[in-house]
Amino acid sequence: QVQLVESGGGVVQAGDSLRLSCAVSGRTVRRSAMAWFRQSPGKEREFVAHIRGINDNTYYEDSVKGRFTISRDNTKNTLYLQMISLRPEDTAVYYCAASDHVIVSAVRMTRSYKDWGQGTQVTVSE
């Protein structure tokens, strides 16, 4: 079975940085379309970033462009989300997700991803 385990969350102050990790087993990260989503209380799960499985192209939600970077380490079979200049509105549970198919045009949709982690909490204070 495919398992995704997020780590790296924590409580930080506005302007700080964090790097989230998603350790994947049962699937090769290099071949997978993968993404980060986030969800805060009372809100729908929101797309954050995507990295394609067929190449290294990346896509970002507008509010995180220039601040967040999605990447992968194929040797470690791990997905990362480097976050800088964190804001209180970035507070959420962050989830990594993976697809076993090429995602042509729906990278921002939760339905495009088959496997999900349990999430890691990021809290950004003023």
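The values are calculated or read from the model by the stated rules, or taken from the named source; none is laboratory data. As the structure is a prediction and not an experimental result, all values here were calculated from the model. Every residue, glycine among them, receives a Cβ derived from its backbone with ideal geometry; neighbour counts consider all protein chains shown. Heads up: the accessible areas ignore ligands, DNA and RNA and are worked out on the full protein's heavy atoms, side chains in. Shrake-Rupley method; radii C 1.70, N 1.55, O 1.52, S 1.80 Å.
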*Computed accessible area, I54, all protein chains, 1.4 angstrom probe, square angstrom*: 110
_Anchor K65: aspartates and glutamates whose Cα lies under 19 Å away (excluding residues fewer than 8 positions away in-chain)_ = D16, E46, D56, E89, D90
_Modelled FRET efficiency - R0 41 Å, V2 with E89, Cβ distances, 0.05 increments_ = 0.85
*asked:* What lysines does K114 reach when the alpha-carbon gap must be under 22 Å and sequence neighbours fewer than 8 apart in one chain are set aside?
replied: K43, K76
*Cα lying deepest toward the dipole's positive end in the chain, options S17, V107, G66, charges on Cβ*: V107
_Leaving out ligands and nucleic acids, and using a 1.4 Å probe, what accessible area per residue does the chain come to in Å²?_
53
*For the chain, what % of the accessible area comes from carbon and sulfur atoms, probe 1.4 Å?*
44
*Using label points projected 7 Å from each Cα along Cα→Cβ, tell me how many nm separate S40 and Q118, to one decimal.*
2.5
*asked:* Give me a comma-separated list of calculated 3J(HN,Hα) values for the stretch 92-99, in order, Karplus coefficients 6.51, -1.76, 1.60 applied at θ = phi - 60°, integers in Hz, x for any Gly or Pro.
replied: 4, 8, 9, 10, 9, 9, 9, 10
